[in-house]
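This report concerns only the one structure given below.
The values are calculated or read from the model by the stated rules, or taken from the named source; none is laboratory data. These numbers were taken from a predicted model, which means no experiment stands behind them. Neighbour counts are summed over all protein chains in view; Cβ atoms, including those assigned to glycine, are modelled from backbone coordinates with ideal geometry. Only protein heavy atoms, including side chains, enter the accessible area calculation; ligands, DNA and RNA are left aside. Shrake-Rupley method; radii C 1.70, N 1.55, O 1.52, S 1.80 Å.
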Amino acid sequence: MMSSVKLLKWLFCTMCLITGHTVARAVELRTAAEDSAPKYLMRNGEMSGLCIDILKAIEAAAPDIKFTGYDRFYPKLRIEASLAKGELDLFCGIGRTQKRNLLFSFLNTPLYWTEMRLAARIDDPVDNVTLDGLKAANKNMIVLVVHGTEHVDYLLHNGVTNIDAGAHNTYNNLNKLIAGRGRLAYLTDLSLVHELSNKNFHSRLRILPGVINIQPEYLAISNTIAKSIRDRLQEVLAHLHSRGDLKRLHMRYMQIDGPVLLH
């Protein structure tokens, strides 16, 4: 005699055949995280952050798409290499450069825009430094930049050579700044707002006025991804942008408690 479970499965399959409907499985797309808060934040063993919110917003708007692997941290250079080889399908929150354009592609809709700012120790009189000022600075004004980022290439391309790109995340760079192992830290406003909300940094560092550069952050796509999937993702991103969802998610991570840090 057929068990109740088997009977239900048989009835379900029969109904699918009769109605001509099938249950479509969601396309699983492989991604990864990088050590770049607040884009990716590991708390109590669970990954969160701006990029996780964006990926979940895409999944909610497109149930036929599912992302996997965003709970694994990869170095930025490994992420780039994995996208180029097709070992990762996409990555959230990355700037567009000539070098990266040769390795993989980008969806047209920016996820959000970042302002590149400078941080200094709170007792340092340095103020209102421009890109030309960084260029003209002597070797005693070392600028701390996160290793493997497009920010290193941007500064070098614009003639800023007095940089230290040894640290692999913002947190370590700001600790180096406090320790006097650099005069300035060159970072995104998103990272700075997040890190300077930390009491240990908030009382010891400040963000200088002025913006050095403004750049969009994108969803990067491996060239091995089928055009139909690429078009579907672009359609969903354009929809989230038009509804203002992407802006709302970004602004959520630009709000902090306490005094205003950006001037």
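Observations on the model:
- The residue that is modelled with the highest pLDDT, among those in the stretch 33-47 that are out of contact with any Phe, Trp or Tyr (no Cβ under 8 Å at 6 or more places or on another chain) and either farther than 22 Å from Leu246 by Cβ or surrounded by fewer than 16 Cβ atoms within 10 Å (Cβ to Cβ) (or both), is Glu46.
- From the list Asn108, Asn169, Asn140, the lone residue that is closer than 19 Å to Cys51 by Cβ and modelled with pLDDT under 95 is Asn169.
- So Ile163, is it out of contact with any Leu (no Cβ under 9 Å at 6 or more places or on another chain) and either closer than 20 Å to Thr130 by Cα or among the aromatic types (Phe, Trp, Tyr) (or both): no
- Applying a threshold of 9 Å to beta carbon distances and a minimum spacing of six or more residues, or different chains, the list of pairs starting in the stretch 109-121 at a residue that is farther than 13 Å from Tyr154 by Cβ and ending at one that is in a strand (DSSP E or B) and of a type in the set (D, E, K, R) reads Pro110/Glu217; Leu111/Glu217; Tyr112/Glu217; Trp113/Glu217; Ala119/Arg206; Ala120/Arg206; Arg121/Arg206.
- Considering Arg248, Arg252, the condition of being in contact (Cβ under 8 Å) with a residue 40 or more places away in the chain, exposed (fewer than 14 other Cβ atoms within 10 Å of the Cβ) and either of a type in the set (Phe, Trp, Tyr) or out of contact with any strand residue (DSSP E or B) (no Cβ under 8 Å at 6 or more places or on another chain) (or both) is satisfied by Arg252 alone.
- Considering the stretch 214-241, and only residues there that are of a type in the set (S, T, N, Q) and out of contact with any Leu (no Cβ under 7 Å at 6 or more places or on another chain), the residue that is surrounded by the most Cβ atoms within 10 Å (Cβ to Cβ) turns out to be Gln215.
- Within the set Leu134, Leu155, the sole residue that is farther than 29 Å from Leu246 by Cα, assigned to a helix (DSSP H, G or I), open to solvent by less than 70 Å² (accessible area, probe 1.4 Å) and not aromatic (Phe, Trp, Tyr) turns out to be Leu134.
- Residues that are out of contact with any strand residue (DSSP E or B) (no Cβ under 7 Å at 6 or more places or on another chain) and free of Cβ contacts under 8 Å to residues at least 60 places away in the same chain occur in the stretch 188-199; there is at least one.
- Residues in the stretch 191-216 that are at pLDDT 95 or above and touching a Pro at 6+ places or on another chain (Cβ under 7 Å): Pro216 alone.
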